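What follows is a single structure, written as structure tokens, with notes after it.
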Amino acid sequence: MHSLRIGTPGQAAVVFAHGWGRSHRDFIPVAEALAPQADSVLVDLPGFGASPRPDAAWDTADYADALAEALRDRLAPAPVVWVGHSFGGRIGLRMAVRHPDLLRGLVLVGAAGIPRARSTPDQLRARWRGWRFRRLKARASGAAAIEALEDRFGSADYVQSRRDGLRDIFLRVVAEDQSADLPRIATPTTLIYGGQDTETPPELGRRMAARIPGAEYVELAPCDHLSVLNRGRHQIALAVAEKLGGGA
């Protein structure tokens, strides 16, 4: 598993886990801001960046177990503050349930993990698109035609998962619902969401915060799913510093 270390050796450890289709580079500005008070490890999750994909179709529990093994094998001195964006947030939620002894804090940025609340019109539109896609796919001749339909009807991550050879993992991950596990999380948790995020919208964060005991919810009005990592880096760093027991 490829990783980059930024910070001060001997200080408390922070592990940064990126979103789907991204890499450790997303968190470099936050890690640099924390460098005087933290020893940060920025990982490329298996299948992304410079890390090879798993041999099997992993779900988030598999990713959490692999990261737990890496932590116990001295990736970083536990307990750590886990900072996860989107997909990395899904894994962080699993870590908090399966390996709570390895965590001292969770900072979840635009995290996924539970289904989005959709209005009845949105549900109907989604069903209509799904029906059209399946009907056109049944008539398509050849792989190129099917790929063109996927490009037309699929989400950006769904399309990219085919190009990256991760479709099997993607389908397992997006089908997960961690709602029932949220009340079991005892790790101090802060959730940070962009007010303009349409991929993991704020309502998702508010619902998760309501189910995680003692969780803090922060909404950054001008930010979307990716800009929250840059424009919101100071708020992310502050949340991490609080979990470390320090100031801003």
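Data table
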read-out	value
Lys/Arg +1, Asp/Glu -1 at C-beta; the chain dipole; positive extreme among LEU75, ALA186, PHE170	PHE170
Positive minus negative residues near ASP26 (Lys, Arg vs Asp, Glu; Cβ under 11 Å)	+2
Sparse-neighbourhood loop sites, trypsin sites (Lys or Arg not before Pro) in the stretch 6-89 - DSSP loop, at most 15 other Cβ within 10 angstrom	ARG74
Average Cα contact separation per residue, the chain, under 8 Å, 6 or more apart, as relative contact order %	20
Neighbour net charge for TRP58 - beta-carbon separation under 15 angstrom, K R +1, D E -1	-3
Helix axis angle, 60-72 relative to the chain longest principal axis, alpha carbon, degrees	30
Rounded tilt (10° steps) of 120-139 against the dominant C-alpha axis of the chain	60
Low-density loop positions, trypsin sites (Lys or Arg not before Pro), the stretch 97-192 - DSSP coil, at most 14 other Cβ in 10 Å	ARG116, ARG118
Between 0 and 90°, nearest 10: helix 87-98 axis offset from the chain longest Cα axis	60
Protection proxy ranking, peptides 28-38, 204-214, 1-11, average beta carbon neighbours within 10 Å, highest first	28-38, 204-214, 1-11
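The numbers here are math on the coordinates, done by the rules we state, and not lab data. Predicted, not measured: the structure shown is a model, and the values here were computed from it. Because the Cβ atoms are built from the backbone with ideal geometry, glycine has one as well, and the counts that use them run over all protein chains shown.
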